[in-house]
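Peer 1: The following block contains the structure, expressed as structure tokens.
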Amino acid sequence: MGSFSIWHWLIVLLIIVLVFGTKKLKNIGSDLGGAVKGFKDGIKEGSSSTEAPAPAPSQVTASQPGADKTTIDVEAKNKS
């Protein structure tokens, strides 16, 4: 009595098909398959791409043409 027999699982499957219908179950299966495929493609794309180093930040000064009067001169420094 601890495990379910094949008849129990067939009855559960029949109830699920009656509640949701075969078309809805087919759509759920294809959506799940598409999600798994997208996940695998994302993992493959993420591991194969190499991240380019970020360009060095440039200093913004108020003396540049078109600069706003409230611009603050800041120099970003990388931590080593």
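The values are calculated or read from the model by the stated rules, or taken from the named source; none is laboratory data. Here the structure is a predicted model, which is why all the values come from computation and not from measurement. Positions of Cβ are backbone-derived with ideal geometry, glycine not excepted, and every protein chain shown enters the neighbour counts.
Peer 1: Among the residues that make up the stretch 43-64, is at least one of them surrounded by 10 or more Cβ atoms within 10 Å (Cβ to Cβ), modelled with pLDDT under 85, of a type in the set (A, V, I, L, M) and on the phi < 0 side of the Ramachandran plot?
Peer 2: yes
Peer 1: Let me confirm something: among VAL36, VAL17, which residue is of a type in the set (A, V, I, L, M) and either under 30 Å from GLU75 (Cβ atoms) or at pLDDT 90 or above (or both)?
Peer 2: Checking each option against the conditions leaves just VAL36.
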